[in-house]
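The values are calculated or read from the model by the stated rules, or taken from the named source; none is laboratory data. Worth saying up front: this structure is predicted, and the values here are computed from it rather than measured. When we count neighbours, we look across all protein chains shown, and the Cβ atoms used for this are built from the backbone with ideal geometry, even at glycine. For accessibility, only protein heavy atoms count, side chains too; no ligands or nucleic acids. Shrake-Rupley method; radii C 1.70, N 1.55, O 1.52, S 1.80 Å.
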Amino acid sequence: MRSAHEASGAEMVTVAVRRVPLDRSSESFLDYLSPSLQILPNTAGCYTAEDAVRTARLAREALQTDLLKLEVIGDQTTLFPDNEQTLEAARILVKEGFVVLPYFNDDLIMAKKLLDAGCAAIMPLAAPIGSGLGVQNPANLRIMREQLPDATMIVDAGVGTASDAAIAMELGADGVLMNTAIAESEDPAKMATAMKLAIEAGRLAYEAGRMPKRLYASASSPLSGVIK
Amino acid sequence: MKVFVNGELREVKISTLAELITELDLPVARIAIELNREVVRRSDWDSTMLKDEDRIEIVHFVGGGKN
């Protein structure tokens with residue numbers, strides 16, 4: 001895991017809050033993280049705004065950070081977020097001084113509401129968590145980018161391989177949050193390197209501005225002076 | 001006295017939250033505690049008295065992905 005973290009160039013790692021095993025059977029996960037990484041506690045596993053707020057308060061107390069990845073799930077099969085509960089939790093947590101980074105469905109109106117509530121960034125999904133399907137609705141991400149040019153947009157969940165990460169970045173994401181694509185690859189450190197390169201390539205392509213798509217060919221060599 | 005620790009009912013012979021952590025022999029770094037659904041600040045562990053049937057949640061952090 002540590003070599004994958006290093007290879008990826010990631011600056012932030014998200015961790016979930018869970019009950020401590022009382023038999024002391026597990027070591028602290030945090031001890032395996034490089035001290036240079038910013039730890040971002042999350043509310044993974046919460047199904048209500050109330051549970052997410054409780055979890056967030058515990059995380060802040062333990063880690064002494066206001067940063068929080070807010071995740072309120074609505075359904076066990078898809079792990080799709082419950083946008084209504086997410087928004088409710090976001091409003092409470094922002095008032096309590098948290099820096100809220102919410103995971104949500106790729107929906108522009110929800111993104112606007114989360115930003116209005118005071119969220120520090122928006123984190124739309126690309127596809128269901130752990131599915132590896134890649135960006136399922138590129139138009140939604142592109143619209144979000146165009147309509148919310150000043151928002152920090154992190155694509156959270158659904159990336160399967162390097163090209164998926166590149167696509168997310170080409171659509172204007174500021175970053176990508178991932179786990180399974182690297183953790184379930186056969187060589188996590190190598191996949192992490194691929195992700196780093198894909199993210200850099202995608203960002204450069206976004207900044208460079210891609211050519212328009214055309215249905216028909218457009219000759220790239222001059223048409224005059226062809227031998228007859 | 002009997003208290004619930006992470007959902008488990010346990011007989012304990014202590015009186016404060018700090019003593020409970022010592023009795024459970026838990027690593028104290030980067031954990032947080034909730035008593036009856038309210039977070040107890042680390043600085044208050046020593047002075048927080050427990051009573052019968054209190055519900056205590058003690059949490060730490062784990063990574064994502066498959067177990």
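When A:Leu108 is tested against (1) open to solvent by less than 50 Å² (accessible area, probe 1.4 Å); (2) among the hydrophobic types (A, V, I, L, M, F, W, C); (3) within 14 Å of chain B (Cβ to nearest Cβ); (4) touching a Leu at 6+ places or on another chain (Cβ under 8 Å), only condition (3) is not met.
From the list A:Leu40, A:Leu68, the one residue that fits, being touching a residue at least 60 places away in the same chain (Cβ under 8 Å) and either assigned to a loop (DSSP other than H, G, I, E, B) or under 20 Å from the mean Cα position of the chain (by Cα) (or both), is A:Leu40. From the list A:Glu50, A:Glu71, the one residue that fits, being open to solvent by 50 Å² or more (accessible area, probe 1.4 Å) and modelled with pLDDT of 95 or more, is A:Glu50. For segment A:144-197, residues that are within 14 Å of chain B (Cβ to nearest Cβ), open to solvent by 50 Å² or more (accessible area, probe 1.4 Å) and in contact with a Phe, Trp or Tyr (Cβ under 9 Å, 6 or more places away or on another chain) total 0.
Cβ-Cβ distances below 6 Å connect the following pairs, each with a first residue in segment B:30-46 that is more than 7 Å from chain A (Cβ to nearest Cβ), a second residue that is in a loop (DSSP other than H, G, I, E, B) and surrounded by 10 or more Cβ atoms within 10 Å (Cβ to Cβ), and a separation of six or more residues or different chains: B:Val40/B:Thr48.
When segment A:4-37 is limited to residues that are part of a loop (DSSP other than H, G, I, E, B) and farther than 23 Å from B:Val28 by Cβ, the one that is most open to solvent (accessible area, probe 1.4 Å) turns out to be A:Glu11. Selection over segment B:24-46 of residues that are surrounded by fewer than 13 Cβ atoms within 10 Å (Cβ to Cβ) and either assigned to a strand (DSSP E or B) or out of contact with any strand residue (DSSP E or B) (no Cβ under 7 Å at 6 or more places or on another chain) (or both) gives a count of 7.
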